[in-house]
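Here the structure comes first, spelled out in structure tokens, and everything after it is commentary.
Bear in mind these aren't lab numbers, they're just calculated from the coordinates by the rules spelled out. Everything numeric here is computed off the predicted structure, so don't read it as measured data. Glycine also receives a Cβ, built like all others from the backbone with ideal geometry; neighbour counts cover every protein chain displayed.
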Amino acid sequence: MDQLQTLMNTIGGPINAILLVLSLVASTLILAKLWQFFRQGSGSRQRIDATFARITSGEQSQALLMTRNHPSPCLSLIGKFLELRKTPALSVASLREETLRLARLEVGKLTQGLRPLEVIANIAPLLGLFGTVLGMIEAFQAMEAAGSQVDPAVLSGGIWQALLTTAAGLAVAIPVSMIHSALERKAELQTSELQDVIDRLFFLQSTQQDADADAPTCELAAQRA
């Protein structure tokens, strides 16, 4: 128990201990998201364009192979779309609905972990302020107990320790808030890319359907000629 009390005094109190835990959690989430976005974005744009080139040229099997073994959400969505298109009884409306559902799942993976970062950025300064208020209460209680024999050094030391929690809360909140904004912007860009991929896929789908519909007409006209 004495060791725990000593540790708390060294850290600056229980509020600072909580802030330390929150900073470790935030650091873990940030590193995980950075690694996720790095893996997803590595060479994905070139591979997406190459995959669409394969689809346009009619090489569906090659396009499907290019979407595999890559963490990009866009490539994953293209691969699932190509698999779904093989289902003969699936209408275009059902295909679009299922593709949008899969896209929402990919967006959920992109935003996973961002909400806890937002919560940490919001509550860290409030915890720091709460710690400061508690520290000031303790300092003035000590001053009241001392009566007329108040030691200014003890009072100033208590106030210094109380203000330390506010500084710690801001030190946690400011970088976490900035990094959260950057990661959120990255997730928004990835979501826009997913929407662009969906639009391109269904544009190609409609183009190919129009071509298939025009083919019998052209053959009939050639026979009549």
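Here is how the numbers come out for the structure above:
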| quantity | calculated |
| --- | --- |
| Set Lys33/Lys186; Lys86/Lys109; Lys33/Lys109 screened for pairs whose C-alpha atoms are more than 22 Å apart | Lys86/Lys109 |
| Computed log₁₀ I(q)/I(0) - Debye formula, equal Cα scatterers, no solvent, segment 1-143, q 0.08, 0.11, 0.15 Å⁻¹ | -0.45, -0.63, -0.86 |
| Karplus 3J(HN,Hα) series, Hz, for segment 26-38 with 6.51 cos²θ - 1.76 cosθ + 1.60 (x for Gly, Pro) | 5, 4, 5, 5, 5, 4, 5, 5, 4, 5, 4, 5, 5 |
| Net length gained if the chain between Leu204 and Ala32 were fully extended (0.36 nm per residue, minus Cα distance) | 58.4 nm |
| Derived scalar couplings ³J(HN,Hα) [segment 130-142; Karplus, 6.51 cos²θ - 1.76 cosθ + 1.60; whole Hz; x for Gly, Pro] | 4, x, 5, 4, 4, x, 5, 4, 4, 5, 6, 5, 5 |
| FRET efficiency, Arg45 to Ala17 (Cβ-Cβ, R0 45 Å, nearest 0.05) | 0.50 |
| Under the Karplus curve 6.51 cos²θ - 1.76 cosθ + 1.60, θ = phi - 60°, whole-Hz ³J(HN,Hα) for segment 180-191, x wherever Gly or Pro sits | 4, 4, 5, 5, 5, 5, 5, 5, 5, 5, 5, 5 |
| Pairwise label distance in nanometres, Ser181 with Glu97, each label 7 Å out on the Cα-Cβ vector | 4.1 nm |
| Proximal charge balance of Ser72 [Cβ under 15 Å; K/R count +1, D/E count -1] | +4 |
| Förster radius 41 Å - calculated FRET efficiency between Ala171 and Gln195 (Cβ-Cβ, nearest 0.05) | 0.65 |
